[in-house]
Each structure stands twice: as structure tokens, then as C-alpha cells.
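For reference, the structure discussed in these notes is given below.
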Amino acid sequence: MQAVVMAGGFGTRLRPITCTVPKPMAPVANNPMLFHIINLLKKYNFSDITMLLYYQPEMISGYFKDGKSLGVDIKYLRPESDLGTAGSVRFASSNINNTFVVISGDVLTDFDLSKAVEFHKLKKAVATMVLTRVSNPLQFGVVITAENGKVERFLEKPSWGEVFSDTINTGIYILEPEVFEYIPENTPFDFSKDLYPLLLKNNQALYGYVAEGYWRDIGNHDEYRFAHYDVLDSKVKIKIDGKKFEVGGKVLNVGENVSIGKNVSIHGEVLLGNNVVVEDEAVISHSVIGSGSVIKAGAEVVRSIIWNNVSVGIKTRLKENVIGSFVHIGDRVAVQVGSIIADESKIGKGATIKANLRIWPHKTVEAGSILSSSLVWGEKWNKALFNAYGISGLGNIEITPEFAAKVGSAYGAFAGEDAYVLTSRDDNKASRMITRSIVSGLLSAGVKVGDLRSSPIPVVRYEIGNDGEFGAIHVRQSPFNPRVIDINFFNSTGGNISVSQEKAIEQLFFREDFKRANMENVGEIVIPPRAVDYYKSGYLKTINKSVIKKSKKKIIIDYSNSSASMVFPAILGELNIDVVALNAFVNPSKITKSLEEFSSSLNQLSDIVSTLKADAGFLIDSGAEKLFLVDEKGKILSDELTAAAMAYLVMKTNKIQNAIIAVPVNISSVIDEMAAKFNVTVKRTAMNSKSANVVAALNNVVFISDGRGGFIFPEFQNSFDAMYSIGKTIEMLSKENIPLGQIVNEIPYFDVVHKTVSCSWDKKGQVMRNAIEETKNKKAELIDGVKIFTSNGWVLLVPDPDEALFHIWTEAKDKSAAEGLSEIYSEKIAEWQK
């Protein structure tokens, strides 16, 4: 039978240990990962193998040659460019003439592939995805199948709200040659993003087979160590070289010509390669030692992976480390938990390597040194680079100038030489420092930088595209935590960058070998001269000035000491609005508000609106993206009520046929009831800003709310803008000639109940799978989490992305019924975790 092995990976996340070898050649149990894949294929009669190479191809082809020594026939192909997963397999189509398997060369698995093929042929499938179940599906593609195994839905690398199951795509596929008809030649094309959606669209037989057995994606250093522990604990069935040998009553697996000294202590399972020397009094616990390595007298090696030809000095201590080939570690060295030392490095006598550091190849640590930072020009984080707020971390601790310069270089490499990128920030001193470092990184990549300095986010977004900008980076102090810095990235249309763009930047960042510009091509800094004027001009052209001017509204605005106070007053002055401004000056110390401070600001705004008999009160957040409302009687509107009121206003004043408004899945069904009366369509979105930005670009969409104070009016720009939302609110109220309070009173009563339920991280996927099964024969939505409609309401179940809990939203005919429904599903979530 035939197989295609994907062996072109860079091993970016395994660096620095993969700096000198391609990832499939990194050893697992003293043999390359790829060795175990080839043995698995041979075991199930896949002897005709085409291997797709890209990074350091000669190292792989030189090691395995034609495959005869392993009992298989291997042919090698190397595409000239990155064609994506499916595109690369299409490149190998001339070698394929029958049912074949596609498998990655850098996973560890013992799946029975013959059973997957049997299932594939039984179903007469065109393509079968081999699936497995995992406790944390976030880094994988989640797949939902019908009872007969036919794929109904899948999503690549979801957020927790999109985790509809704990059943994931392993990247192993059983395919028929006819799939090549759907894959263009010499064109980047991906299985999950392109081919499988196309097969579903064409109603082709795409199936999922849930395999039994072991599977682990060795995607980072922790997974690499855990894979070894699983080998030692016999959790995975792979070929291990060597023979059994007894030391002090413990049986270990050893290679040829191993020498073990006196009083050596062995704890747990241990694997020694060929020609290993373990001297007297050494201690080895649950570790793998590569061939030709020497563990000197009294040394202690605990839960560590040591590659070939390593020397570990007298009384040196290693704990949970990975040590590359030809590393020399001197006597009495302490390498603390989680640190990685790459090939041919030298650690001097008595040195201490602190925890979780990375030492790249050919580095030297002098005797007696205490190393507290990674030996590479920048620092690598131990977590994913991007989160819901862009890149976030503790200011000057995690988000340092060095880190920021590296981010700038990575983004600059992504944008490309001669690209034009805007930068901006809030008024915090740390934000200024970090922005300057990012600018340095961008310039080093040959990027032209337009520095907007301190600017409201909506002004920055609106400026993008005015002069061919590739995108923008905005740095701010987090509105939620004064110690945290957020780095936000915007695309060429002013929206948030996509997940795939985040992944591309993240890969460049972690790879740390991004391209630098030549001296003569280093970028330049310019100051966009008319960004504020451009925003003001566009604003006043779009808003209905005459209606607003005639109404002569009186409003109160709390600027929250943000840079919006330097922009918005000039616009309001053109609209003949009587404005009382609060906190209308920039104060860097007040960018972040605690919950108590935020509530106090709203209460103060309420009091002033009532006292001055204003028509409405508006509180702008520090980034000028979110807006909070107070009606003419001083009533503070909740986020949910504000979303409903704004949506209702849009419906009443809308003149566009087939208009669409968009709100998140957790917002009340009252929106749908109101929309039906005005012939407006409601589109539900996920509860994140990326989803809102994407929907804003669709035809006939006139309004988007995120349910948390963010509003988009695509007539002006496809991003959240508190300043334009204020103008639009006044315009709509003026058109209807009614106060905000009356709008609120016209909205039918609703009460959405929200609660949280504890759920351990390793059970979230399992709970989501059970929730999906709960939807069978019921009306349901799988936009963000699982939303199930009942006879008198609905329930929404969403796993929290940051904490070990689930969110439950419910709505019914009254609050009591909603609370009852919430309690029912709280109990179900508890039961589903068992």
C-alpha cells in the first residue's frame, strides 16, 4: 500500500533543539521521530512511501536512503515553495495510483492504520480523517461527525467558544486519488482550510474515523518530554532498541557496549543508548540517555532527555531538561527545571542555569556563572504569543523593550521590506517605551513607519488604507489591569488581524531568524500629517449634520482622560451640540479603571445628567472604542440594554432594504422579535471582536454590537468607534424626536440569566462533545459554544478561554424559568465531567 509522509517541518516551536536538525529527525527514544512513523507504516503494509521534504532535506534522505534497510521503498520529493498540506500532497500525485495514507513525520502514534483503511473502504469514502479524543483541543482541528461517521463540521485551531467536541483531527488521512481533482497544481492549498470544505460543498464522501490507541503531536518542548515519559511508561507501542539489563534490582533498557559503575541508583524506567558510560554513584531517574554519552560520578539526571555524545560532569544535577548532541556540561553544574541546552554548547564548572531557559547551539556559559536569561538575542515566551487582546503581558517584565523589538522585527518580516506600517499608543510612559522598541524592530526589517504617537484607536483604524498602509500596531496599557501592556495589530482595512495572520507572525517570532534589511534599506520614520483631519472630515461627511444641528441636544461626555478628548471636541463643535465634558484631558495615570472606579464614573455621570437635565450621558473608554449610556433621567443602561436600545434605534431609522444587524449569540431574542417588525435580518456572531470585524464587511450590514459597549456602523468604518457611535445615537434620536428613555421603554422586557460553573481544563472538550450530543433532534446553533433552543427559551454553553469554568446563559418566558433552565444545565455540565 502507498503512503505520503509530510516531513518538511521547520520545528519552530522546538527550537533551539531543532536549529541543527529538521523536526522529524529529532530523536524520540534514541531514534528519529520519522523512524517510528516508517516502522508504523511498515507494520500495516504501507511499504511504498513518498516522503515530502522541505527543510534540510539532505539530512533526512541521507539517513533513510532508499528505505531498504527498514523494509520499505522510499522516494523523496521537495516542492520549490510552500504549497500547504494538500498542495504538497498534490505535488506527489504522480507517485500515487491507489488508496493511500497521508501522515506527518513528527507525531508519535501507534494507531492501527489497517482499521482506518477498512473503515474508509467500508464507507466508500473519498477522504477519511483519522480522529482521536484529547483533553485540550485548542491547538488542533475539532471535528464533529454523524453517527455513521460522516463529517458534519470541523474547525481548525478553535477558541474555547468554538470547541464543539474533544474529537480532533490527527493529521492522518486515508485518501482516494480522485481527491487530486479538487486540489490545484502548484498552488498553496490546505486540507482543513481548503480541500475538506470543498469536498463538503460538493457533497463528497468525507468521513471521520475515531482511532483507538496513542497519539501525541510533539509541538513544543513540554510535549517532547511528555512523549518520552509515555514511551518509558509503555503508554505507546513503538520499537525500542537494546536489551533488558538489571542494576540494583531495577531492570532498564540498554544498548550495546554500555558501562555502568558501582552504586548507581536507577529510579523509574530508564533507556540508555549504545556506548553509554554511567560512572559510580550516579543517579538516573525516568530518563533517556543518547548513545555515546557519559554520566560522570555522582551526577543526577532526573526526568531528562539527553541526546547523543553528551558529557554530564561530576555531581552535576539535571531536572526535566532536554540536552542536545555534543553538549559538554562541567562538574557541579545545576540545570534547573525546564531548561533546554542545544547542540555543541559548553557549560562551565559550577555554573547554574535557571529554570525554563533556552541556550542555543554553540553557546558557552563560563565557569561559576549564574545564567538567568536565555542565551539568544531575544527571549522566548513559554506560552502562545497572541491572546484575545493581541499580545499581552506584564509591562517591563514580560513585555520588555527587547521583546518588543523582536515583535517589531517579526511583524516587519511578515509585512515585507518597503511595506508601510502605522504605529500608535496611549499616553502611558511604558506604552511609549514599548512603541519605540517596536518601531526599531520594524525599521530593521526595512519597513517604513508612520508614527501617529498618542492617538485614539478609531482614528488609527480610519487612517489605515489612506496611504497604502499594510497595517498598524497600537500599544496601550490594559483597561483591565494597570500592570499589563496590550499590543494590538490591525490589518490593511483597519480590522483586527485574522487568526492565520497571528499564527504567521507567531511563527516568525519563535523562529528568530527573520530577514533583516541591508544597511541602505533600513526603514524610515514619518509623521502622518493629517490623520486627525482625515478622520474628522470623514466623520462629518457621513453623519447627518443638519438633523443633529436642528435638534440642539445637550449631552454629557466623560472622556475617561483619554486621547479622544484631543480629537472629538472639534467634531462636536461642528454639530451645534451643547456638551458638558468630564475628564477631558489626558492623564496617563487614569487609563486603567478598576470595577469600583468604573461604577463610580457611571454614577457621577448619572448624577450630572439628572442635575443638568441633559438629553443623555456618554462614557467613553480609554481606547475610545467602547461606549456606555445614561438616559435623560439618569438611568444607567446595562450593556445588554444598551445593545438592545441601539439596535432598536437602528431598526426604527433604517432606510436600507434587506438590512442586517449583527449581535452576539448571548444577546436576548428580543432583538429578533423587534427586527421582525421592521423587516430587518438579525445575524448572530461569536462573542469576540474579530467576528464583529468580519461581519461588518458583509453587504447590507448596517449595525454590529458586541454586547459589551462596542458598536460598529459600517457606513463610516468597520471597527468599534465610541465617538462615531455617540454622533450616530444623537442623529437617530433627533430623527425620531424622542428621548433615549422612551426608546428603552419601548423595548419588550427581557432578562438573560448568566452564571458560571466549574470545569477542569482537561474536561472542557469532553463537556463540549456531550453538549453537541445534547443537540440531536433539537434546534441548535454552533456559532460560539453550543446554543440549544427549548420550547420556551434557549441555553448557551461556552467554555471560558482563561479560567477553568463554563459560562451558561439562559433566557425563557420569565426569570424564574430561565434560572430553572440554568440549573438543569449546571447539573448536566457536572455530570458530563464524570
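The values are calculated or read from the model by the stated rules, or taken from the named source; none is laboratory data. All of these numbers come straight from a predicted model, not from anything done at the bench. All Cβ positions, glycine included, derive from the backbone under ideal geometry; neighbour counts span all protein chains shown. Side chains included, ligands, DNA and RNA excluded: accessible areas come from the protein's heavy atoms. Shrake-Rupley method; radii C 1.70, N 1.55, O 1.52, S 1.80 Å.
Here is a yes/no grid of residues against (1) in contact with a helix residue (DSSP H, G or I) (Cβ under 9 Å, 6 or more places away or on another chain); (2) in a helix (DSSP H, G or I); (3) touching a residue at least 24 places away in the same chain (Cβ under 8 Å):
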{"residue": "A662", "(1), (2), (3)": "yes, no, yes"}
{"residue": "I667", "(1), (2), (3)": "yes, no, yes"}
{"residue": "E673", "(1), (2), (3)": "no, yes, yes"}
{"residue": "L698", "(1), (2), (3)": "no, no, yes"}
{"residue": "F703", "(1), (2), (3)": "yes, no, yes"}
{"residue": "G707", "(1), (2), (3)": "yes, no, yes"}
{"residue": "E715", "(1), (2), (3)": "yes, no, yes"}
{"residue": "K728", "(1), (2), (3)": "yes, yes, yes"}
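Could you list, in sequence order, all residues of segment 673-688 that are β-branched (V, I, T) and surrounded by fewer than 22 Cβ atoms within 10 Å (Cβ to Cβ)?
Correct list: T681, V682.
Strands (runs of 3 or more DSSP E) wholly in segment 527-638 with at least 2 residues that are more than 27 Å from P714 (Cα to Cα) - which ones?
Output list reads 578-582.
Rundown of residues vs (1) closer than 24 Å to G261 by Cβ; (2) modelled with pLDDT of 90 or more; (3) surrounded by 18 or more Cβ atoms within 10 Å (Cβ to Cβ), yes/no style:
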| residue | (1), (2), (3) |
| --- | --- |
| E300 | yes, yes, yes |
| I329 | yes, yes, yes |
| I370 | no, no, no |
| S374 | no, no, yes |
| A384 | no, no, no |
| Y389 | no, no, no |
| S392 | no, yes, yes |
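Report, by residue number, each residue of segment 189-218 that is in contact with a Phe, Trp or Tyr (Cβ under 9 Å, 6 or more places away or on another chain) and among the basic types (K, R).
Passing the criteria: only R216.
Select from segment 454-474 the residues that are surrounded by fewer than 19 Cβ atoms within 10 Å (Cβ to Cβ) and touching a residue at least 60 places away in the same chain (Cβ under 8 Å) and list them in ascending order.
Those that are surrounded by fewer than 19 Cβ atoms within 10 Å (Cβ to Cβ) and touching a residue at least 60 places away in the same chain (Cβ under 8 Å): S454, N466, D467.
Answer with yes or no whether S339 is among the hydroxyl-bearing types (S, T, Y), over 27 Å from L318 (Cβ atoms), open to solvent by less than 20 Å² (accessible area, probe 1.4 Å) and touching a residue at least 12 places away in the same chain (Cβ under 8 Å).
For S339, the condition - among the hydroxyl-bearing types (S, T, Y), over 27 Å from L318 (Cβ atoms), open to solvent by less than 20 Å² (accessible area, probe 1.4 Å) and touching a residue at least 12 places away in the same chain (Cβ under 8 Å) - is not met.
If you go through segment 269-290 one residue at a time, how many are part of a loop (DSSP other than H, G, I, E, B), open to solvent by less than 30 Å² (accessible area, probe 1.4 Å) and under 26 Å from E223 (Cβ atoms)?
Matching residues across segment 269-290 total 6.
Looking at segment 507-526 only, could you name the residues that are open to solvent by less than 30 Å² (accessible area, probe 1.4 Å) and either assigned to a loop (DSSP other than H, G, I, E, B) or farther than 30 Å from L442 by Cα (or both)?
Those that are open to solvent by less than 30 Å² (accessible area, probe 1.4 Å) and either assigned to a loop (DSSP other than H, G, I, E, B) or farther than 30 Å from L442 by Cα (or both): E512, F514, A517, G523.
Could you pull out every one of the strands (runs of 3 or more DSSP E) wholly within segment 1-84 that has 2 or more residues that are without any contact (Cβ under 8 Å) to a residue 40 or more places away in the chain?
Passing ranges, in order: 73-77.
In segment 82-98, which residues are of a type in the set (V, I, T) and open to solvent by 10 Å² or more (accessible area, probe 1.4 Å)?
T85, I96
Spot the failing condition for S691; the list is (1) of a type in the set (S, T, Y); (2) open to solvent by 40 Å² or more (accessible area, probe 1.4 Å); (3) touching a Ser or Thr at 6+ places or on another chain (Cβ under 8 Å), and only one is missed.
If we test S691 against (1) of a type in the set (S, T, Y); (2) open to solvent by 40 Å² or more (accessible area, probe 1.4 Å); (3) touching a Ser or Thr at 6+ places or on another chain (Cβ under 8 Å), just (2) comes out false.
Would segment 564-572 turn up any residue that is under 23 Å from R461 (Cβ atoms) and of a type outside the set (A, V, I, L, M, F, W, C)?
yes
In segment 307-326, what residues are over 16 Å from G273 (Cα atoms) and either among the hydrophobic types (A, V, I, L, M, F, W, C) or in a loop (DSSP other than H, G, I, E, B) (or both)?
Residues satisfying the conditions are G313, I314, K315, T316, L318, E320, N321.
Does K545 fit the bill of being in contact (Cβ under 8 Å) with a residue 12 or more places away in the chain, open to solvent by 30 Å² or more (accessible area, probe 1.4 Å) and within 21 Å of the chain's Cα centre (by Cα)?
No; evaluated as a whole, the condition is false for this residue.
In this structure, does T423 turn out to be without any contact (Cβ under 8 Å) to a residue 60 or more places away in the chain and open to solvent by less than 10 Å² (accessible area, probe 1.4 Å)?
It is true that T423 is without any contact (Cβ under 8 Å) to a residue 60 or more places away in the chain and open to solvent by less than 10 Å² (accessible area, probe 1.4 Å).
Do any helices (runs of 4 or more DSSP H) lying entirely in segment 730-834 carry at least 3 residues that are open to solvent by 20 Å² or more (accessible area, probe 1.4 Å) and in contact (Cβ under 8 Å) with a residue 24 or more places away in the chain, and which ones are they?
The helices (runs of 4 or more DSSP H) meeting that bar are 764-774, 815-832.
Exactly one condition in (1) buried (at least 21 other Cβ atoms within 10 Å of the Cβ); (2) in contact with a strand residue (DSSP E or B) (Cβ under 9 Å, 6 or more places away or on another chain); (3) among the small types (G, A, S); (4) part of a loop (DSSP other than H, G, I, E, B) is false for S492; which is it?
So the condition that S492 fails would be (1).
Being under 43 Å from the mean Cα position of the chain (by Cα) and surrounded by fewer than 17 Cβ atoms within 10 Å (Cβ to Cβ) is the filter here, so list the residues in segment 241-264 that pass it.
Once the filter is applied, which keeps residues that are under 43 Å from the mean Cα position of the chain (by Cα) and surrounded by fewer than 17 Cβ atoms within 10 Å (Cβ to Cβ), segment 241-264 yields only D241.
Go through (1) farther than 22 Å from W761 by Cα; (2) assigned to a strand (DSSP E or B) for V179 and report which single condition fails.
(2)
Just wondering, is there one or more residues in segment 438-449 that are touching a helix residue (DSSP H, G or I) at 6+ places or on another chain (Cβ under 7 Å), open to solvent by less than 40 Å² (accessible area, probe 1.4 Å), in contact (Cβ under 8 Å) with a residue 60 or more places away in the chain and of a type in the set (S, T, Y)?
yes
When you go through (1) part of a helix (DSSP H, G or I); (2) at pLDDT 90 or above; (3) over 22 Å from T18 (Cβ atoms); (4) aliphatic (A, V, I, L, M) one by one for L200, which number turns out not to apply?
Only one criterion in (1) part of a helix (DSSP H, G or I); (2) at pLDDT 90 or above; (3) over 22 Å from T18 (Cβ atoms); (4) aliphatic (A, V, I, L, M) is unmet by L200, namely (2).
Would you mind finding the one in A581, A504, A564, A570 that is among the hydrophobic types (A, V, I, L, M, F, W, C) and surrounded by 18 or more Cβ atoms within 10 Å (Cβ to Cβ)?
Step by step, each of A581, A504, A564, A570 is checked, and only A564 is among the hydrophobic types (A, V, I, L, M, F, W, C) and surrounded by 18 or more Cβ atoms within 10 Å (Cβ to Cβ).
Within segment 780-828, track down each residue that is of a type in the set (A, V, I, L, M) and touching a helix residue (DSSP H, G or I) at 6+ places or on another chain (Cβ under 6 Å).
V786, V795, L797, V798, A804, I808, A812
Within segment 9-24, track down each residue that is on the phi < 0 side of the Ramachandran plot, open to solvent by less than 20 Å² (accessible area, probe 1.4 Å) and touching a helix residue (DSSP H, G or I) at 6+ places or on another chain (Cβ under 9 Å).
T12, L14, R15, I17, T18, P22, P24
Among the residues of segment 116-154, which ones are part of a strand (DSSP E or B) and under 24 Å from L40 (Cα atoms)?
A127, T128, M129, V130, L131, T132, R133, G141
Can you name the number of the only condition in (1) under 28 Å from S537 (Cβ atoms); (2) of a type in the set (A, V, I, L, M); (3) out of contact with any Asp or Glu (no Cβ under 6 Å at 6 or more places or on another chain) that L422 fails?
(3) is the only condition that L422 fails.
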